[in-house]
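The values are calculated or read from the model by the stated rules, or taken from the named source; none is laboratory data. Every value quoted in this text rests on a predicted model; they were computed, and no experiment measured them. All Cβ positions, even for glycine, are placed from backbone atoms using ideal geometry, and neighbour counts span all protein chains on display. To get the accessible areas, we keep the full protein, side chains included, count just its heavy atoms, and leave off ligands, DNA and RNA. Shrake-Rupley method; radii C 1.70, N 1.55, O 1.52, S 1.80 Å.
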Amino acid sequence: MSSPYLQLFRRYLREQGLPVTPQREAVADAIFSSRGHLSVEDIEQALRGSGERIGKATIYRTLEI
């Protein structure tokens, strides 16, 4: 089951006419499941720890959204 924040993020993306991609969802999930501030490097490391290979550019773009 996804978090309520992830569901809101998906809805926001759809309302803005942006695609809901697995990469955006993975980045958002890493952020929403954290209890503190994360740097881009922290997010990238968390994603790699869970087997995701998402580059810094995708992380930065998702953070801008």
**Report entry** Cβ pairs under 8 Å, 6+ apart, first in the range 37-65 and among the small types (Gly, Ala, Ser), second loosely packed, with under 15 Cβ neighbours inside 10 Å
**Finding:** Ala46/Ser34
Report task. Please specify each residue of the range 51-65 satisfying the condition of being assigned to a helix (DSSP H, G or I) and open to solvent by 60 Å² or more (accessible area, probe 1.4 Å). Result -> Lys56, Tyr60, Arg61, Leu63, Glu64
Query raised in the report: Are any residues in the range 13-30 part of a helix (DSSP H, G or I) and open to solvent by 60 Å² or more (accessible area, probe 1.4 Å), and if so, which ones?
Result: Arg14, Glu15, Pro22, Gln23, Asp29
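Just give me the residues in the range 31-50 being within 20 Å of Arg11 (Cβ to Cβ) and surrounded by fewer than 17 Cβ atoms within 10 Å (Cβ to Cβ), in sequence order.
Filtering the range 31-50 for residues within 20 Å of Arg11 (Cβ to Cβ) gives 31-33.
Residues satisfying the conditions are Phe32, Ser33.
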Report task. Run down Arg10, Arg48, Arg35 and say which single residue is in a loop (DSSP other than H, G, I, E, B) and not hydroxyl-bearing (Ser, Thr, Tyr). Result -> Arg35
